[in-house]
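K.L.:
Sharing a structure, written as structure tokens. Questions coming.
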Amino acid sequence: MNICVCIKRVPLLGSAIVLTEDQRSIDTSRLGFTVSPHEECAVEAAVQLVEEHGGTITLLCLGPAAAVEQLREQLALGPDRAILLEAADEVEPQATAALMGAAIEADMAATGAPYDLILLGSESADTAGYQTGIRLAHRLGLPAITNVKGLAVADGQVTGERAVGSAREVYRAPLPAVVTTKDGLNVPRYPSVPGRIKARKKAIDIQQVPLPAGVPAGAPAGGMGPRMEKLRLIVPVSEAKGAQDLGTGDQAAARLVEVIRQIGVLA
Amino acid sequence: MILVHIDHDLGTRAPGGVTGVDPLSLQALAAARTLDDAVTAVVAADGDLPPAAAAELRAHGASGIRVAMHPGLADYAPQATARILATLVEEVCPRAVLAAGSARGNEVMAHLAAILDLPLATDCTQITIGPGQSEVTRARWGGNLLEEARVHASILLATTLPHAFPVTPAPAAGEVHTWTPQVPDADLLVRVVERVMPTGAVGVGLSEAKVIVSGGRGVGSAEGFAPLAELAELLGGTVGCSRVVTSAGWRPHSEQVGQTGTKVAPDLYIACGISGATQHLAGCKSAKVVVAINTDRDAPIMQVADYVIVDDLHAVLPAVIEALRQ
Ligand SMILES: Cc1cc2nc3c(=O)[nH]c(=O)nc-3n(C[C@H](O)[C@H](O)[C@H](O)COP(=O)(O)OP(=O)(O)OC[C@H]3O[C@@H](n4cnc5c(N)ncnc54)[C@H](O)[C@@H]3O)c2cc1C
């Protein structure tokens, strides 16, 4: 099986979000970076599928040059190689799907090995548009199963399970297919030391991408075709609650029981 | 005119009881009413719309109801549903198409956006439409950040963030028109082929729980959750946890609260050994009362809590349980 997993570099937010002066981005100067749990589960699923069926895993990321860091981290878990489509600014979903679709087609043509499965997170941690995977599927003419918390491949078919309350919906599609994953699909493994060492030598193909005509990131609107233009970001104000300190130990326990009684949750 | 995609489980639900119309779709209907008087609810199903479902849509402001009947829609089929909406969009040229910002609503709208090659604004909290462009406020980062955006498109595609648009009664005419759409086989490829019901006793679900006793890294181990489970049981509630806990395998992911877990709204949320990362708070900020038990007075959870106990959770919880038993 040849699997492509799409991941996105996002800031590891602390307890408060600080915006840049122009209010169009998060100030990440003091933050670390990571990938979303949804995508960690996608990588883990790919590694498990290749352990079971054999094959190769390619990581694909659209993001800044620094995203090499996230690609190396994920390569340490088993994937074979990575492609970084370098884009400095935030790219909207329509353009992201177009760029990734073109890169996937070019890569399949170059290697002669078509992908059986393309995995993405159900939504990115930061922009959360819930659409890149589906747009990519349409771009590549493939079926899309989304939001899965269960995934299996057998007899040229992929089966995905989606959680609905405590029940599960089962979807099935012939390969090749696009599948978007959710946190909880599996428990992603931690990288091993040999894994990290091997990852350093794995190939990361860095490609400069021209933004497709019609959807330049951050360009002024007008005559550019339909698009969504980010105006500004707002951190919602949460009222400071001024918490009441219940003390410590047995005294705190007794006071907490009082609070519980007051709220009226005791049957 | 505004089209509103109505999600439902008309084909699969047990007979009797509720109408089968998705409650979050009624919120999308409410949002549409703030934008236009002409609001057409669109239902894609395999049979006639039951009278109770039609009545519910009418009571919530549907001035028209279009029912697309297709045998392939006995259960949910996202791409087929989007194709039906796309045909209708071409026919009626609406100013906007709205749906609920649920897993299904976002999915159908993403297919529709891909088919029409239009932008899609998901999880909106505010929407205004003008000629040729619209403005939206939408949630990023699980609601920890809002984005104001201008959508340059003659038709706005948007989904509404759950609970951002309150549902109020608004009786409307809502005449039902049924038609049989053409749906290419490729669009019916992905659909629900089977439903797996939970086996054995199902406890209180996280999203419905009135009390959640939630644990984080500070709990220390899988065994460490015993007093949390005991307290939860005493209070008729359920156990929740942070992502650190699920990645360590101490608790199942079905108990994870947060941006990539479940969003909860209990009357009481007791956070034990949880620091209060934004991604965790994204899941529990609708809790009515938050109690934080943490050894670190400066942990971010202490800022959003109503009551704090600065102490070791393993000392406090057994004492709480004992006090409750008396
Ligand atoms: C995109 C993304 C999505 C995410 N989604 C989620 C999500 O859905 N849910 C989620 O929870 N996290 C999520 N995370 C992870 C999140 O960023 C934090 O890493 C996580 O919430 C921290 O869990 P914690 O509070 O248990 O651990 P920590 O942050 O390590 O906090 C442990 C706390 O326990 C306290 N403590 C230690 N010992 C004791 C003791 N004996 N008694 C009392 N207190 C003690 C410490 O003072 C500390 O405050 C996500 C991260 C990303 C990047």
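The values are calculated or read from the model by the stated rules, or taken from the named source; none is laboratory data. For clarity, every value in this text was computed on a predicted model and none was experimentally measured. Glycine gets a Cβ as well: all are built from the backbone with ideal geometry, and neighbour counts include every protein chain shown. Heavy atoms of the whole protein, side chains included, go into the accessibility calculation; ligands, DNA and RNA do not. Shrake-Rupley method; radii C 1.70, N 1.55, O 1.52, S 1.80 Å.
K.L.:
Hey, any hits in segment A:33-56 for a residue that's more than 16 Å from the ligand (Cβ to nearest atom), under 15 Å from A:Ile204 (Cα atoms) and either touching a Ser or Thr at 6+ places or on another chain (Cβ under 7 Å) or basic (Lys, Arg) (or both)?
P.N.:
Checking segment A:33-56: not a single residue is more than 16 Å from the ligand (Cβ to nearest atom), under 15 Å from A:Ile204 (Cα atoms) and either touching a Ser or Thr at 6+ places or on another chain (Cβ under 7 Å) or basic (Lys, Arg) (or both).
K.L.:
Then there's this: Anything in segment A:135-179 that is within 19 Å of B:Ala77 (Cβ to Cβ), of a type in the set (S, T, N, Q) and open to solvent by 50 Å² or more (accessible area, probe 1.4 Å)? List them, or say none.
P.N.:
Answer for segment A:135-179, where residues must be within 19 Å of B:Ala77 (Cβ to Cβ), of a type in the set (S, T, N, Q) and open to solvent by 50 Å² or more (accessible area, probe 1.4 Å): just A:Gln157.
K.L.:
Against the definition (within 12 Å of the ligand (Cβ to nearest atom), touching a helix residue (DSSP H, G or I) at 6+ places or on another chain (Cβ under 7 Å) and either facing another protein chain (nearest Cβ under 7 Å) or in contact (Cβ under 8 Å) with a residue 24 or more places away in the chain (or both)), how does B:Ala323 come out, yes or no?
P.N.:
Working: within 12 Å of the ligand (Cβ to nearest atom): no; touching a helix residue (DSSP H, G or I) at 6+ places or on another chain (Cβ under 7 Å): yes; either facing another protein chain (nearest Cβ under 7 Å) or in contact (Cβ under 8 Å) with a residue 24 or more places away in the chain (or both): yes.
Answer is no for this residue.
K.L.:
Taking A:Ala42 as meeting all but one of (1) in a loop (DSSP other than H, G, I, E, B); (2) within 28 Å of B:Gln256 (Cβ to Cβ); (3) among the small types (Gly, Ala, Ser), write down the number of the exception.
P.N.:
Failed condition: (1).
K.L.:
Pick out, from segment B:244-326, the strands (runs of 3 or more DSSP E) lying fully within it that include 3 or more residues that are open to solvent by less than 30 Å² (accessible area, probe 1.4 Å). Quick ask: steps written out before the conclusion?
P.N.:
On the way: elements: B:268-272, B:289-293, B:307-309.
Passing ranges, in order: B:268-272, B:289-293.
K.L.:
How many residues, within segment B:245-276, are near the ligand (Cβ under 6 Å from one of its atoms) and farther than 11 Å from B:Gly216 by Cα?
P.N.:
Counting residues in segment B:245-276 that are near the ligand (Cβ under 6 Å from one of its atoms) and farther than 11 Å from B:Gly216 by Cα gives 4.
K.L.:
From the list B:Pro78, B:Pro71, pick out the single residue that is in the same structural domain as B:Asp7 (by TED's automatic domain parsing), in contact (Cβ under 8 Å) with a residue 24 or more places away in the chain, out of contact with any Leu (no Cβ under 9 Å at 6 or more places or on another chain) and open to solvent by 30 Å² or more (accessible area, probe 1.4 Å). It would help to see each step written out before you state the result.
P.N.:
Details: B:Pro78 fails: open to solvent by 30 Å² or more (accessible area, probe 1.4 Å).
Criteria check complete, one pass: B:Pro71.
Each row is one residue, and each column tells you yes or no for (1) within 8 Å of chain A (Cβ to nearest Cβ); (2) within 28 Å of B:His163 (Cβ to Cβ); (3) in contact with a strand residue (DSSP E or B) (Cβ under 8 Å, 6 or more places away or on another chain).
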{"site": "B:Phe225", "(1), (2), (3)": "no, no, yes"}
{"site": "B:Pro266", "(1), (2), (3)": "no, yes, yes"}
{"site": "B:Val308", "(1), (2), (3)": "yes, yes, yes"}
{"site": "B:Leu313", "(1), (2), (3)": "no, no, yes"}
{"site": "B:Pro318", "(1), (2), (3)": "no, no, no"}
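K.L.:
Among (1) farther than 18 Å from B:Val39 by Cβ; (2) modelled with pLDDT of 95 or more; (3) part of a loop (DSSP other than H, G, I, E, B), which single condition is B:Pro131 missing?
P.N.:
Every condition holds for B:Pro131 apart from (2).
K.L.:
Right, another one. Which residue, of A:Ile17, A:Ile104, is touching a residue at least 24 places away in the same chain (Cβ under 8 Å) and either surrounded by fewer than 16 Cβ atoms within 10 Å (Cβ to Cβ) or within 16 Å of the ligand (Cβ to nearest atom) (or both)?
P.N.:
Details: A:Ile104 fails: either surrounded by fewer than 16 Cβ atoms within 10 Å (Cβ to Cβ) or within 16 Å of the ligand (Cβ to nearest atom) (or both).
Only one candidate qualifies: A:Ile17.
K.L.:
Within segment A:67-146, considering only helices (runs of 4 or more DSSP H) that don't extend past its boundaries, which have at least 1 residues that are under 24 Å from B:Ala149 (Cβ atoms)? Steps first, answer last, please.
P.N.:
Working: elements: A:68-75, A:93-111, A:132-140.
So the answer is A:93-111, A:132-140.
K.L.:
Taking A:Arg189 as the residue in question, decide whether it is part of a loop (DSSP other than H, G, I, E, B), open to solvent by 30 Å² or more (accessible area, probe 1.4 Å) and at pLDDT 95 or above.
P.N.:
Details: part of a loop (DSSP other than H, G, I, E, B): yes; open to solvent by 30 Å² or more (accessible area, probe 1.4 Å): yes; at pLDDT 95 or above: yes.
Here the answer is yes, as A:Arg189 does meet what is asked.
Residue by residue, here is whether (1) at pLDDT below 95; (2) in the same structural domain as B:Ser254 (by TED's automatic domain parsing); (3) open to solvent by less than 60 Å² (accessible area, probe 1.4 Å) holds:
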| site | (1), (2), (3) |
| --- | --- |
| B:Met197 | yes, no, no |
| B:Gly200 | yes, no, no |
| B:Ile212 | no, yes, yes |
| B:Gly220 | no, yes, yes |
| B:Gly224 | no, yes, yes |
| B:Pro227 | no, yes, yes |
| B:Glu230 | no, yes, no |
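K.L.:
Test A:Arg30 against the stated conditions and say whether it is within 15 Å of the ligand (Cβ to nearest atom), more than 14 Å from chain B (Cβ to nearest Cβ) and open to solvent by 30 Å² or more (accessible area, probe 1.4 Å). Before you say what the answer is, go through the steps one by one.
P.N.:
Details: within 15 Å of the ligand (Cβ to nearest atom): no; more than 14 Å from chain B (Cβ to nearest Cβ): yes; open to solvent by 30 Å² or more (accessible area, probe 1.4 Å): yes.
Here the answer is no, as A:Arg30 does not meet what is asked.
K.L.:
Any idea which of (1) within 11 Å of chain A (Cβ to nearest Cβ); (2) of a type in the set (Gly, Ala, Ser); (3) touching a residue at least 12 places away in the same chain (Cβ under 8 Å); (4) near the ligand (Cβ under 10 Å from one of its atoms) is the one B:Gly218 doesn't satisfy?
P.N.:
(1)
K.L.:
Please list, ordered by first then second residue, the pairs with beta carbon atoms under 6 Å, 6 or more apart or interchain, first in segment B:126-142 and on the phi > 0 side of the Ramachandran plot, second away from the ligand (no atom under 16 Å from the Cβ).
P.N.:
Close Cβ pairs (under 6 Å, with a partner that is away from the ligand (no atom under 16 Å from the Cβ)) amount to B:Gly132/B:Ser154.
K.L.:
Could you tell me which residue of segment B:232-243 is farthest from the other protein chains (Cβ to nearest Cβ), considering only residues that are part of a helix (DSSP H, G or I), open to solvent by 20 Å² or more (accessible area, probe 1.4 Å) and away from the ligand (no atom under 14 Å from the Cβ)? Explain how you work it out, then say what you get.
P.N.:
If we filter segment B:232-243 for residues that are part of a helix (DSSP H, G or I), which is where we start, we get B:232-234, B:243.
Narrowing further to those that are open to solvent by 20 Å² or more (accessible area, probe 1.4 Å): B:233-234, B:243.
Add one more test, that the residue is away from the ligand (no atom under 14 Å from the Cβ), and what stays is B:233-234.
Values: B:Glu233: 11, B:Leu234: 8 Å.
Selected residue: B:Glu233.
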